[in-house]
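Report on the structure given below.
Every number in this text was worked out from the coordinates using simple rules, so none of it is lab data. It should be emphasised that the depicted structure is a prediction, and the values quoted were computed from it without experimental measurement. Using ideal geometry, Cβ is built from the backbone for each residue, glycine included, and neighbour counts are taken over all protein chains shown.
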Amino acid sequence: MTRSTLRAAVTALAIGALALTGCAGGGEASGGDAATYPEDDITLIVQAAAGGGSDLSARALATELEPILGVSIVVENRPGASGSTAMQYVADQEPDGQTIGFVPVEVAMLKHLNFDVDPAAYDFLGQIMLGPGVLVVPVDSPYRTLEEFVTAAKTQPIAVGNAGAGSIWEAAALGLAADTGAQLTSVPFDGEAPAIAAVAGGQIDAAVGGGASTSAAYAEQQVRPLAVFHNERHPLMPDVPTATEAGYPLEFGGWGGIYAPAGLPADVRSTLESAIQQAANSPGFTDTISKSGSLPVYKNGEEFTAFVNAEYERFGALLGQG
């Protein structure tokens, strides 16, 4: 082999090696671009402080989601401004599936109360729970039924406590007043627990709270529940009638689900919705929610979106800005 022939052969081998390297590199790049979601830990934003019902629900779901998605779910609490602080934060994140959130019923209410929160800013991925509203009075109250309560409130105002201005429980009392003509005066507290405690202590005539807090107080014989604002009786208070049974077909509940910034890629949304469905229906999650006093209720992304939009219209009419 001549020197020129050898040089040509070496050059050909080098070019071939570079070509193979390029193919290998291209394959890795292509694989990276098409990598399946998720690759990194996911942050789950909660609009309430640690220890409350929203936080419990979010953390219970996160526990079930982690083995399904194969990454850590980092729960981050961002309480404040009736939940709008967290909702605005979620809306401002990149729609890449790395930030999701626990979404409460107030997402359908806050825009009507002049907060900068619009349901259109989110992709709703699935409902996971419901905390039915319950009207409670002191154990020594003269009112033993919802009918007696409403009849009395038609002749003189009755003060009804709630978890705060703009809360679902204030809306429940507004709804009862609008439907029956009862004169109910809203007394907002800094959270649901103080409102129920005020009823237990006889400092206020009544309050509306969620199934978790009211069933716990009822079990301790601290309050008398008059009605459940749900289509079925509460499993932890089976002797308490629904408002519908009492002649007032009203339903109000502190529902919750999972959402993300609007504009998720279709494959990311599909992965999240599938994982949420599996987690929300797992025995670990449903047992935790049931024991807390709330109800495990699942709706898929499409159903949940339609439900949120319907709730938005309902609360708009109720709050006078629909």
Inset, instruction - State whether region 39-102 is rounded, prolate or oblate according to the following rule on the C-alpha gyration tensor (a ≥ b ≥ c being the square roots of its eigenvalues): a/c under 1.5 gives rounded; otherwise a/b larger than b/c gives prolate, and the remaining case gives oblate. - result: oblate
Inset, instruction - Once you have the Cα-Cα distance between residue 155 and residue 118, take 0.36 nm times their residue separation minus that, and quote the gain in nm to one decimal. - result: 9.5 nm
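Classify region 255-311: rounded, prolate or oblate, from the alpha-carbon gyration tensor (a ≥ b ≥ c, eigenvalue square roots; a/c under 1.5 rounded; otherwise prolate if a/b is larger than b/c)?
In terms of gyration-tensor shape, oblate.
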Legend entry - Calculated from backbone phi, Karplus (6.51, -1.76, 1.60) coupling profile of region 231-239 in Hz, x at Gly/Pro: 7, 9, 5, 6, x, 8, 9, x, 8
Inset, instruction - Rounded, prolate or oblate: pick one for region 133-229, where a ≥ b ≥ c are the square roots of the eigenvalues of its C-alpha gyration tensor, a/c under 1.5 means rounded, and failing that, prolate if a/b is larger than b/c, else oblate. - result: oblate
Legend entry - Sequence-distant lysines (8 or more away, or on other chains) whose Cα lies within less than 26 Å of residue 291: 299
Legend entry - (i) 164; (ii) 128; (iii) 137, with the label sought being that of the calculated volume of the Cα convex hull per residue in Å³: (iii)
Inset, instruction - Report, in deg cm²/dmol and to the nearest 500, the calculated mean residue ellipticity at 222 nm for the chain, where each DSSP H run with n ≥ 4 adds -39500 (n - 2.57) and the sum is divided by the residue count. - result: -14000 deg cm²/dmol
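How much length, in nm to one decimal, is gained on full extension between residue 193 and residue 139, taken as 0.36 nm per residue of separation minus their Cα-Cα distance? Working shown, then result.
On the way: separation 54, 0.36 × 54 = 19.44 nm, distance 1.68 nm.
Here the segment from residue 193 to residue 139 would lengthen by 17.8 nm.
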Legend entry - Phi to ³J(HN,Hα) by Karplus 6.51 cos²θ - 1.76 cosθ + 1.60 over region 241-249, Hz, x for Gly, Pro: x, 7, 4, 4, 4, 7, x, 10, x
Inset, instruction - Distance from a point 7 Å along Cα→Cβ of residue 290 to each backbone N in region 203-229: keep the residues under 16 Å and list them by number. - result: 212
Legend entry - Farthest toward positive dipole pole in the chain [+1 Lys/Arg, -1 Asp/Glu at C-beta], among 45, 172, 242: 45
Inset, instruction - Provide the FRET efficiency to the nearest 0.05 for the residue 278-residue 178 pair, computing r from the beta carbons and using R0 = 45 Å. - result: 0.70
Inset, instruction - Along Cα→Cβ, 7 Å out, is where each label goes; now give me the distance between the ones at residue 239 and residue 74 in nm to one decimal. - result: 4.9
Legend entry - Percent RCO, i.e. relative contact order, over the chain, from Cα pairs under 8 Å lying at least 6 residues apart: 24
Inset, instruction - Give the order of 68, 128 when sorted by the count of other beta carbons within 10 angstrom, beginning with the fewest. - result: 68, 128
Legend entry - Cα centroid separation - region 199-252 against region 294-322, whole Å: 22
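On a full-extension model of 0.36 nm per residue, what is the gain between residue 262 and residue 307, subtracting their alpha-carbon distance, rounded to one decimal in nm? Numbers along the way, then the final one.
Values: separation 45, 0.36 × 45 = 16.20 nm, distance 1.67 nm.
Full extension of this stretch gives 14.5 nm more.
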